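Structure first, commentary second.
Read-outs: derived from the displayed coordinates by stated rules, not from any lab. Note that the structure is a prediction, hence the values are computed from the model and not measured. Cβ placement follows ideal geometry from the backbone for every residue including glycine, while neighbour counts extend to all protein chains displayed.
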Amino acid sequence: MKNRLNINLAGLELGNPTMLASGILGHSAETFETIVEGGAGAIVTKSIGVKPRKGYANPTVVQTNCGLINAMGLPNPGIAEFVKEIREAKAVLKVPLIVSVYGYSVEEYASVAERAVAVGADAVELNVSCPHVKETGSEIGQNPQVLAEVVRKVKSTVKKPVIVKLSPNVTSTADVAEATVKAGADALTAVNTVKAMAIDSETALPILTNKFGGLSGPAVKPIALRCIYDIYERVKVPIIGCGGITSWQDAAEFLLAGASAIQVGTAIATKGPSIFKNITRGLNAYLEKKGFESVNEIVGLSHRK
Ligand code: RRO
């Protein structure tokens, strides 16, 4: 009998619709294995650029009573070093490996994507939505012309699926999604973190060294759901939901809003890698109870009139 949770996402075969979100434990083949053992259907790496980057000085993460705010500042070893991790991961992983890519120009995005795919990446996820690093991330994702140029260039460079991770920090995520899909994106991830900050009343100063960061965790869930619902009404490509998912019920809500798959990040810190199995078990039981044969049948179901 066909597994209810198998999906084909823009050509990628996943045993279940859960994925590791970019930036969480995203550097080494070993940690990817732990996440796959925990039940993830695919892995997305930390964002990788042309050159190594140290990231910001500590403190880079602050816990609030509604989620985490991070300003890591894109720490990564650069693609020349990271190709070793991609090769190693591909040798052991039995799930698709998606390499998250950032750049400071159209050419940089294309170059990193090309090198990642050349050593085995099954797809790339373009980070055009980091809320707090200058001249990349959301500075690209908030400008539909530049964003479209990046997507067109990467699409013409690699022959693997190109996923684009969108920002919630825009007036209309659906408008940006439409421009991205017109430029050739095969799938969208919605959404990256929400631009935020924290202030210490004792020192009377911002807590993060970078002052501003990205809020993740349960507070983001209703925002992400709204973005996905809007995007689903506009575009036909698969949407990967991301933002505050901590339970199978959250995952089901994202699918009903229009996501074909979901990513988990912050909740791994509190619930551990087995959160993926807990989500897939819960989803499977939900589908069975409601009489659905495939998880695809509930994608966008909340849009019915
Ligand atoms: O590295 C970061 O500080 C970071 C990135 Br690239 C991102 O896309 N989103 C985020 O919240 N932090």
### Task
For the range 1-116, give the share of DSSP beta bridges that are antiparallel, in percent and rounded to the nearest 5; count only bridges with both residues there.
60 percent
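For Cα pairs less than 8 Å apart in space and 6+ apart in sequence, what is the mean separation divided by the residue count of the range 76-217, i.e. the relative contact order in percent?
On the way: 259 pairs, mean separation 27.4, N = 142.
Reported as a whole number, the value is 19 percent.
Could you put LYS165, LYS54, LYS155 in order, starting from the residue whose Cβ has the fewest other Cβ atoms within 10 Å? Present the calculation step by step, with values, prior to reporting the outcome.
Details: LYS165 29, LYS54 9, LYS155 17.
Lowest count first: LYS54, LYS155, LYS165.
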### Query
So which chymotrypsin sites (Phe, Trp or Tyr not before Pro) in the range 51-115 are both in a DSSP loop and have at most 11 other Cβ atoms within 10 Å of their Cβ?
none
### Query
In the calculated pair distance distribution of the range 191-277, what percentage of Cα-Cα distances lie above 18 Å?
50 percent
### Task
Estimate the FRET efficiency between THR270 and ALA91 by the formula 1/(1 + (r/R0)^6), using the beta-carbon distance for r and 25 Å for R0, to the nearest 0.05.
0.20
#### Entry: Helix-derived mean residue ellipticity, 222 nm - over the chain, DSSP H n ≥ 4, -39500 (n - 2.57), to 500
-11000 deg cm²/dmol
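If the limit is 20 Å between Cα atoms, which of LYS51/LYS94; LYS90/LYS221; LYS90/LYS236; LYS46/LYS160; LYS90/LYS134; LYS236/LYS305 go over it? Please report the intermediate quantities before stating the final value.
Numbers: LYS51/LYS94 29 Å; LYS90/LYS221 32 Å; LYS90/LYS236 30 Å; LYS46/LYS160 18 Å; LYS90/LYS134 32 Å; LYS236/LYS305 18 Å.
LYS51/LYS94; LYS90/LYS221; LYS90/LYS236; LYS90/LYS134, as the Cα separations exceed 20 Å there.
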### Query
What's log10 of I(q)/I(0) for the chain at q = 0.08, 0.11, 0.13 Å⁻¹, Debye sum over Cα points only, no solvent?
-0.31, -0.60, -0.85
#### Entry: Label-point gap, in nm, between LYS290 and SER247 - each point 7 angstrom along Cα→Cβ
1.6 nm
### Message
Which of LYS159, LYS277 has the fewest other C-beta atoms within 10 Å, and how do the rest follow up to the most?
### Response
LYS159, LYS277
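Where does the range 1-123 land on the Kirkwood hydrodynamic radius, alpha-carbon pairs, in angstrom? Before the final figure, lay out each step's value.
Values: mean 1/r = 0.0649 Å⁻¹.
Computed over Cα pairs of the range 1-123, the Kirkwood hydrodynamic radius comes out at 15.4 Å.
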### Task
Give the peptides 242-249, 129-136, 3-10, 186-193 in descending order of average Cβ contacts within 10 Å, highest first.
186-193, 242-249, 129-136, 3-10
### Task
With springs connecting C-alpha atoms under 10 Å apart, model the chain as a Gaussian network and identify which of SER138, SER22, SER105 has the largest mean-square fluctuation.
SER105
### Query
What share of all Cα pairs of the range 152-247, in percent, falls into each consecutive 10 Å distance bin?
16, 38, 28, 14, 4, 0
### Message
In Å, what Kirkwood hydrodynamic radius results for the range 15-54 from the alpha-carbon pair distances?
### Response
10.7 Å
#### Entry: Cβ-defined net charge surrounding VAL237, 11 Å radius [Lys, Arg +1; Asp, Glu -1]
+1
### Query
Points 7 angstrom from Cα along the Cβ direction at THR34 and GLU13: gap in nanometres?
2.9 nm
### Task
Just the number, please: percent antiparallel of the DSSP beta bridges in the chain, rounded to the nearest 5.
40 percent
### Message
Only bridges whose two residues both fall in the range 151-271 count here: according to DSSP, what percent of them are antiparallel, nearest 5?
### Response
40 percent
#### Entry: Residues MET72, MET197, MET19 arranged by fewest to most Cβ contacts within 10 Å
MET197, MET72, MET19
